[in-house]
Structure formats: C-alpha cells, structure tokens
Amino acid sequence: MSFAADVNATAGLAGTLKAGLGALRAVDRTHISVQAPGSLLGSVDVDVALEATFPNAARWDYVVGQQKGEYEHLHWIEVHPAEGTRNITEVEAKLAWLAAWLRHTALAAYRKQVVWVASGRSAFNGRHPRIKGLAAKGLSFAGSHLTI
C-alpha cells in the first residue's frame with residue numbers, strides 16, 4: 001500500500017490528507033522546512049482529525065509523509081512549548097498516546113522519525129537528562145526548527 005492509502009484506511013484519518021505541509025497550522029509551519037518539497041507525500045493534522053474520537057487524550061500533532069529513495073518515510077511531528085520540565089511531561093504523555101494508537105494502524109509499519117519541535121524558546125537541549133530519556137524511547141528533540 002501507500003501512505004495516502006493507509007491514511008485513508010485509518011479510522012478517523014480518512015479524507016484528512018493534505019498536499020505538502022498543508023495540514024500544518026500556519027504558526028507551526030514556520031518551524032518546519034523541507035529540503036526537497038517534491039518528495040512530500042502529504043500531511044495530516046492528527047490532533048484535529050482524532051479530537052472527536054479521543055477528546056481527552058494527549059494526541060500527537062502531525063504526520064508528514066516523504067518519499068526517501070524507494071521508501072515512504074513518516075515524520076511524526078509534535079510542535080509544543082519547551083520552556084520547562086512540565087512540557088517534557090506533556091510530550092511524554094503524547095508520545096505514549098502515539099505509541100499505543102499507532103500500534104493498531106497500518107502506519108506503524110513505515111520507517112519513521114518521531115520528533116518534538118519547540119514552539120518557542122527552549123529551556124533545554126539534547127543533553128538534558130529527561131530529553132535523553134525521551135531519546136531512549138525513540139523521540140528526537142529538534143529545538144525550534146526541523147528540516148526534513
């Protein structure tokens with residue numbers, strides 16, 4: 001199958017795929033740049049798409065599909081404040097939700113990058129012990145900007 005087909009086959013995501021970074025809110029899109037825009041397969045605002053199904057959950061923000069050679073690669077992107085350890089706890093909850101939800105979808109089979117992008121000033125860097133803990137769980141911290 002393909003990213004587009006698997007998005008449309010995923011409960012709650014059908015019909016939500018947008019071209020390029022079109023699913024990202026304008027304020028969040030300023031934190032993302034793309035080296036090869038033609039490689040993008042589209043994007044989904046997972047948070048909005050699944051709000052009705054999981055109204056009280058710590059939902060993840062976005063998924064962006066990208067063609068990388070012969071593989072379709074997914075970028076699971078959370079744009080979230082990084083001003084203090086409370087924010088780390090919030091992102092940990094979102095990561096746990098994503099892992100549990102993703103396990104039951106065809107999207108779990110793709111190569112992926114799970115990344116937190118600071119929505120403003122960051123109070124820490126990759127050497128912070130709790131950021132290292134998130135890295136051990138498969139999450140990378142990009143600081144205030146992500147290039148894909």
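The values are calculated or read from the model by the stated rules, or taken from the named source; none is laboratory data. Remember, it's a predicted structure, so these values are computed and weren't measured experimentally. Heads up, the Cβs are rebuilt from the backbone with ideal geometry, glycines too, and the neighbour counts pull from every protein chain shown. With ligands, DNA and RNA removed, areas are computed over all heavy atoms of the protein, side chains included. Shrake-Rupley method; radii C 1.70, N 1.55, O 1.52, S 1.80 Å.
Near L17, within a Cβ-to-Cβ distance under 12 Å, what is the net charge of the other residues, with Lys and Arg +1 and Asp and Glu -1? Net charge around L17: -1.
Taking 14 Å as the straight-line reach from the Cα of K132, the aspartates and glutamates in range (excluding those fewer than 8 positions away in the same chain) are E92.
Taking the radius of gyration and the Kirkwood hydrodynamic radius from Cα positions alone, what is the Rg/Rh ratio for the range 19-75, to two decimal places?
Numbers: Rg = 12.5 Å, Rh = 12.2 Å.
With Rh from the inverse mean 1/r over Cα pairs, Rg/Rh is 1.02.
Close amide-amide hydrogen proximity is noted between V114 and W76, S140, each under 5 Å apart and 5 or more residues distant or on a separate chain (H modeled in the peptide plane; Pro and chain starts excluded). For the range 77-92, the Karplus equation 6.51 cos²θ - 1.76 cosθ + 1.60, evaluated at θ = phi - 60°, returns couplings of 10, 10, 9, 8, x, 9, 8, x, 5, 4, 5, 5, 4, 5, 5, 4 Hz by residue, with Gly and Pro reported as x. Using only alpha carbons, the range 11-148 has a radius of gyration to Kirkwood radius ratio (Rg to Rh) of 0.94. For the chain, with every protein chain kept in place, what is the accessible area per residue (1.4 Å probe, Å²)? Ligands and nucleic acids excluded, the figure is 49 Å² per residue. Whole-Hz Karplus values for the range 95-105 come out as 5, 4, 4, 4, 4, 5, 5, 4, 3, 9, 10 Hz, taken residue by residue from phi with 6.51 cos²θ - 1.76 cosθ + 1.60 and θ = phi - 60°; glycine and proline positions read x. As a fraction of the 1.4 Å probe accessible area of the chain, surface on carbon and sulfur atoms comes out at 55 percent.
The calculated 222 nm mean residue ellipticity attributable to helices in the chain amounts to -7500 deg cm²/dmol, summing -39500 (n - 2.57) over DSSP H runs of n ≥ 4 and dividing by all residues.
The lysines whose alpha-carbon is closer than 25 Å to the alpha-carbon of K68, local same-chain residues fewer than 8 away aside, are K18, K112, K137. To make sure I understand the rule: partners must be aspartates and glutamates, Cα under 18 Å from the Cα of K94, and not fewer than 8 residues away in the same chain. Which ones qualify? Here the aspartates and glutamates satisfying the reach criterion relative to K94 are D28, D45, D47, E51, D61, E78, E83.
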